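FYI, it's all coordinate maths here, none of it is from the lab. Small disclaimer: the values here were computed from a predicted structure and weren't measured. Note: ideal-geometry Cβ built from the backbone for every residue, glycine included; neighbour counts use all protein chains shown.
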Amino acid sequence: MKTAHKAQGITLIGFVIMLALLGVVAYAGMQVIPVYLDHHSVVKAMKTAANESANKSPAEIKTRIDKLLYISYVDVVKPTDFKVVRGNGRELKVEYEVEKPFIGNLFFTMKFNESVPLK
């Protein structure tokens, strides 16, 4: 007598559903990853400007950041978003948010808040 072997593997519908979910995750990544890469460029520009900030006015620091962001092709943050704050020393702060469309009327909203001590 022959015994029936249980079929193993994924069905066609299961495969299509898995591909659809993978496609949605990949599309979400294509929307979000560039924003975080831009944020990394903003932090790098802040640290560079902070290291060069000795005896510079806030306007000169903002001008330097604007040039560094222009070189990095970052356009989500403007020089007016940066603030030089005095406390236990001078500190360069930026706070901004980026909204990226996802599907239909769904959006990703990412908020960033960074500060770097000035020298």
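For the chain, take the longest principal axis of its alpha carbons; what is the angle in degrees between that and the long axis of helix 58-71, to the nearest 10 within 0 to 90?
Approximately 40 degrees, to the nearest ten.
Compute the distance in nm between two label points, each set 7 Å from the Cα along the Cα-to-Cβ direction, one at VAL84 and one at LYS44.
2.4
Please list, or write none, the lysines whose alpha carbon is within less than 27 Å of the alpha carbon of LYS67, excluding same-chain residues fewer than 8 places away.
LYS44, LYS47, LYS56, LYS78, LYS83, LYS93, LYS100, LYS111, LYS119
Rank-order 27-35, 69-77, 103-111 by packing density, defined as the average count of other C-beta atoms within 10 Å over each peptide's residues, highest first.
69-77, 27-35, 103-111
Over the chain, consider all pairs of different Cα atoms and compute the Kirkwood hydrodynamic radius from their mean reciprocal separation; express it in Å, one decimal.
When all Cα pairs of the chain are included, the Kirkwood radius is 17.6 Å.
For a label point 7 angstrom out from the Cα of TYR27 toward its Cβ, which stretches of segment 88-112 have the backbone nitrogen within less than 14 Å?
Of the residues in segment 88-112, 101-108 have backbone N under 14 Å from the label point off TYR27.
Return one number: the angle in degrees, 0 to 90 and rounded to the nearest 10, between the long axis of the Cα atoms of helix 12-51 and the longest principal axis of the Cα atoms of the chain.
With both axes taken from Cα atoms, the answer is about 10 degrees.
Could you tell me which residue out of PRO34, ALA7, THR48 lies farthest along the dipole of the chain toward its positive end? Charges go on the beta carbon: Lys and Arg +1, Asp and Glu -1, centred on the Cα centre.
ALA7
Please get the size of the charge dipole for segment 33-117, origin at its Cα centre, with Cβ charges of +1 on Lys and Arg and -1 on Asp and Glu, quoted in debye to the nearest 20.
I would put it at about 280 debye.
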